[in-house]
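Trainee: The structure is given below, and queries will be raised subsequently.
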Amino acid sequence: MTRTMHTPALLLLTDSPRLPLAAALAVRFAAAVTQWERRRRSRINLSYLDDRLLRDVGLTRHDARREVKRHFWQI
């Protein structure tokens, strides 16, 4: 797997040497969905930040709007 997973349960499953193919695919799918949900929530929360907080993270209002418009699967 090329991406790192931060969920401890998914990390534990991925490290299992005897994981059947179907289970390994299910774990990878779960990791992808988890990452998509994390991106979606982050982008929604970004839309609520005021200009002062955006400056704190180094973004302009234009940058934030552009990021919020991206789809959850886009990096």
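Trainee: When the chain is fully extended, how far beyond the present Cα-Cα distance does R65 get from R40, taking 0.36 nm per residue of separation?
Mentor: That pair, R65 and R40, stretches by 7.6 nm at full extension.
Trainee: Additional query: Among residues other than R66 whose Cβ falls under 15 Å from its Cβ, what is the net charge (Lys/Arg +1, Asp/Glu -1)?
Mentor: +4
Trainee: Quickly work out the D50-to-Q74 label distance, labels modelled 7 Å from Cα along the C-beta direction, and quote it in nm with one decimal.
Mentor: In this crude spin-label approximation the distance works out to 2.9 nm.
Trainee: Contour minus end-to-end for V57 and R28, with contour as 0.36 nm per residue of separation and end-to-end as the Cα-Cα distance?
Mentor: Taking V57 through R28 to full extension adds about 7.4 nm, to one decimal.
Trainee: How do 52-64, 24-36 rank on mean C-beta neighbours within 10 Å, highest first?
Mentor: Per-residue mean Cβ counts within 10 Å order the peptides as 24-36, 52-64.
Trainee: For a footprinting-style exposure proxy, rank E67, E37 by other Cβ within 10 Å, fewest first. Please report the intermediate quantities before stating the final value.
Mentor: Working: E67 15, E37 11.
Least crowded to most crowded, the residues run E37, E67.
Values quoted throughout were computed directly from the atomic coordinates according to the rules given, and no laboratory measurement underlies them. Model, not experiment: these values are computed from the prediction. Don't worry about glycine lacking a Cβ; one is built from the backbone with ideal geometry, like all the others, and counts go over all protein chains shown.
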